[in-house]
Structure formats: structure tokens, C-alpha cells
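Please read the structure below before turning to the comments.
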Amino acid sequence: MNVVGAGQATTEPQRGLSPTRAVLANGVSVIAKETRTTPAVTLHANLQAGTVYDPAGQDGLAHFVSRTIDRGTERHTADEIAEQLDSRGVTLSASVGRHVLSLACTCLVEDFDDVLGLLAEVMMRPTFPALEVDRRRGEIITLIRQDEDNPAAVSFDALMAMLYGEGHPYGRRARGTVETVGGIEPHALQTFHAEHCVPSSLSLAFVGDIEPGRAIETARSAFGAWKGSPTPEVTPPPAPAGAARRTRVIPMMNKSQTDIAYGFATIARTDPAYYAYWLMNNILGQYSLGGRLGDSIREQQGMAYHVFSSLDANRLPGPLVIRAGVSPSNVEKAVASIDAELRKLVDEGPTERELAESKQYLIGSMPRTLETNMGIASYLQTVQFFELGLDYDIRVPDLLGAVTLDEVHEAARSAIDPGRATIVVAGPFDGSLA
């Protein structure tokens, strides 16, 4: 991405989205895109304060921060914050991923300055009142217990723990456990915020009926005086190499559906092979009715309620995961069918038609993701996070178009091998996957 000097802004040539980007003197990044579809503006803030930064023994801390950051500031109580937002028809959503904590909302243009000022206060000066922390703790523990009673969540969490190990941040449960969340007190939330919610970790995306220069100047007024030093990047151990097939069955006999999570640790988003992997995953389990997996296991054999694959190439090498929901009687057959589809893709590679149609599908789907202001803002944050460049939306067709059949076949050979798969089954099944 083209980074400009402090306080300056740059606009790419008028092609594609053509957003404007500036970096404030304290390191806050601002990206603005003017749209005139509605008299509203979407505000999307990302702080590099995700779950990878959870300290040892405090799993779920970043998630806890995301649930409490708006529950009171130095100037306003939680009720006052809610009242100010409600009076403007604004709903503030907070979420946390592996690497970022996000806050997002949409407001009318005339409320932009006030809403951004309140959002800045929430991000810069939260107080984590003890009463609000205790209330949220109860809600989080309820969510954790619901996850523990959900075969899909249980199978996925167990798969990630097996793929990455407890010493790797991707191997830990994002919400933590009942025990770790029960031990998190307000001072731990304050310490995490002070260490990770700093100007250099913040990126702002504004999309809507507002001139980019005005949006950037408003951000400068709201955040320009904020100070704080960046913390070192997390450098976790590499994911353990899968040398042999590993399986685990977690019986949940009171359930009606069995969930299968089947996966591999793969590549980082910055890997040059990413576009070949992206196409390979689309062919395997996403295109049309679910790629090869959906066509075989659900459509032809009728064995699965759902089946798909996902590739989460992130800052660290992420997983390729196949998910399937099946009846208990079909578990062994479904796993065997997944094995067969993977072996076929590894042995034979994709067809020319599959490659062409997947390229067309991925290129054609981009405009749909950019139909709303929130969609554009989320996309701009991805561009910022991975430093893809302000013209990335223009370059994607060529990046995908340049991928060859051999490169996709090589991605399959490198990423997927049933003999090295990690497989977890959770639900009303107590058989063997051997």
C-alpha cells in the first residue's frame, strides 16, 4: 500500500474504488471513500488487539475487551453512551478476530462528527467499570456454555487445538473458557487496552456521503492528540507439522446432528501461492453449490445437510477446513467421501473448466461485496491490514487470471493429503474413524 507522510493524503487515479488514505502524525491510518447512494456514513475502526494477543492463562481476554470497551468512559456511563447512539438511530457493533478488534456503525451525515467523537472516546478512554464487567462476564460465560453444547463449535475448536497446539494463539478458544473468563478482572482489561489499543494499531475506514478531506480532518480532530507506544508483534511457534492422520471423536449423544471438522494448517496471506490456494479452495468446496465436495457428498450422495471448505490465510499460516453436518449413520461414509474427493484433486488436479469458472466466480463476486457502504469499509480494512494497495480491486482480476492450472494443482498437492489430515467429529456418534 502506498503510505504517505503524516498529515498528508493521497488519492489513487480515478479507477475502481479510488479511496483516499492518510496517516496522522501519531500513526493512525485513515481511509475514506465517498459514495452518494444514501445520506449516511459508515464508520469502521480496526485495532490490532485480537485474540493472538491474549496473555498466557488469560484466554478470552481480547474477546472480553470487545464486549466491555463501550460500557463506560472517563466522561460517559454505559447508559449515556447508549442514549447518545440511540437518539441518532445508531447501532454500534463490536467484534474481535484473531488479529483485530473492530467497532463499526452507520450514521447520518449530519451526525458524523458527534458519532466519531463518541467512537474515539470509547476507543481511547474506556474505564471498564466493575459492575459492567461482571454483567458482561455472565453473558460471555453463557456464550461459552452454548458453544460447549454445540457440535459445530465443539468440533471446530477441537480441530484448531489439534492443528496448532495450545502454545499457538490459533489453537486457543477465542472466547476462552469458563475458568479463564471467571478470573479476568477490570485491571486486566485496562492493561490489555493500554498495551494494544494505541494509535499505531488503529485504522479507520469511512465510506459514505462525505468528502474524504473532511472525513480525514474530523478524524484528526478526534484522534490527533492520542498518544501511545506500539507493542511488539506476536511471534508464536509454528504450527506442528501434520506427519500422520489424526482423529478425535467427541460423543454428544443428546444431539440430532453430527458435525465433522476436517483440516490442515496451510499458508499465510502474504504467501505468493495465495491466489492458487484461493482458487483451489473454491473448486474444492465453495463454487456453485459447494464445489466438488457439495456436488458429491450433498447433491449426488445426499449424505450431508451442509458441506463446504474455507481457507483462512491470515498474518500467520492459517487453516483450510472442511465442515460437514451429517446424520450419525453417515459419519464414516462422509469422511471416506471427503478423503476420496481430496485424493482425486491431488492426483488429477482441477479441470480447465473448473479453473475458468472459479476465476469468473471470484472476480464476479467482488462487486457484490462492494454493494454497501459497510461492505466497502470492511474491504478497505482488509486492504489496509494486509497492505494490498489502494488499487487492489483493480488488480484482483489480473492476479487471479494469471494463475495456471499447474499452480492450482500444486496448491492441492501441497495443502491437502488425507494421510496427514486432522479430523474431529462431534455429535451423537461414538464409533471409530480408524
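The values are calculated or read from the model by the stated rules, or taken from the named source; none is laboratory data. Every value quoted in this text rests on a predicted model; they were computed, and no experiment measured them. Neighbour counts are summed over all protein chains in view; Cβ atoms, including those assigned to glycine, are modelled from backbone coordinates with ideal geometry.
Can you pull out every residue in region 407-434 that is over 15 Å from MET280 (Cβ atoms), outside any loop (DSSP other than H, G, I, E, B) and within 25 Å of the chain's Cα centre (by Cα)?
Correct list: THR422, ILE423, VAL424, VAL425, ALA426.
Restricting region 130-145 to residues that are crowded, with 16+ Cβ neighbours inside 10 Å and of a type in the set (D, E, K, R), the residue that is farthest from ARG175 (Cα to Cα) is GLU132. Exactly one residue among SER288, SER329 is of a type in the set (S, T, N, Q) and under 22 Å from PRO151 (Cβ atoms), and that residue is SER329. Selection over region 58-109 of residues that are part of a helix (DSSP H, G or I), touching a residue at least 60 places away in the same chain (Cβ under 8 Å) and farther than 23 Å from ASP134 by Cα gives a count of 1. Would you point out which residue out of LEU143, LEU116 is in a helix (DSSP H, G or I), hydrophobic (A, V, I, L, M, F, W, C), over 29 Å from ALA313 (Cβ atoms) and assigned by TED's automatic domain parsing to the domain that holds THR77? Among LEU143, LEU116, only LEU116 is in a helix (DSSP H, G or I), hydrophobic (A, V, I, L, M, F, W, C), over 29 Å from ALA313 (Cβ atoms) and assigned by TED's automatic domain parsing to the domain that holds THR77. Taking each residue of region 113-125 that is closer than 17 Å to HIS187 by Cα and looking for partners that are among the basic types (Lys, Arg) with beta-carbon atoms closer than 9 Å, six or more apart or interchain, yields ARG125/ARG75.
Here region 296-344 is the region considered, the condition is being surrounded by fewer than 19 Cβ atoms within 10 Å (Cβ to Cβ) and among the basic types (Lys, Arg), and the residue that is farthest from PHE386 (Cα to Cα) is LYS333. Looking for whichever is of a type outside the set (Gly, Ala, Ser), surrounded by 18 or more Cβ atoms within 10 Å (Cβ to Cβ) and within 30 Å of GLU233 (Cα to Cα) here; the options are THR127, THR106. Which one fits? One residue alone meets the criteria, THR127.
Yes/no matrix, rows are residues, columns are (1) more than 30 Å from ALA32 (Cβ to Cβ); (2) modelled with pLDDT of 95 or more; (3) crowded, with 17+ Cβ neighbours inside 10 Å; (4) not assigned by TED's automatic domain parsing to the domain that holds SER201:
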| residue | (1), (2), (3), (4) |
| --- | --- |
| LEU355 | yes, yes, yes, yes |
| SER365 | no, no, no, yes |
| ILE376 | no, yes, yes, yes |
| THR382 | no, yes, no, yes |
| ASP398 | no, yes, no, yes |
| THR404 | yes, yes, no, yes |
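The helices (runs of 4 or more DSSP H) found entirely in region 351-406 that carry 3 or more residues being among the small types (Gly, Ala, Ser) are 352-369, 373-385. Of all the listed residues (LEU342, LEU320), the sole one being part of a helix (DSSP H, G or I), in contact (Cβ under 8 Å) with a residue 24 or more places away in the chain and touching an Asp or Glu at 6+ places or on another chain (Cβ under 9 Å) is LEU342.
Conditions (1) assigned by TED's automatic domain parsing to the domain that holds VAL115; (2) farther than 29 Å from PHE386 by Cβ; (3) touching a residue at least 40 places away in the same chain (Cβ under 8 Å), marked per residue:
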residue: VAL154; (1), (2), (3): yes, yes, yes
residue: LEU163; (1), (2), (3): yes, no, yes
residue: GLY167; (1), (2), (3): yes, no, yes
residue: ALA174; (1), (2), (3): yes, no, yes
residue: HIS187; (1), (2), (3): yes, yes, no
residue: ILE210; (1), (2), (3): yes, no, yes
residue: ILE216; (1), (2), (3): yes, no, yes
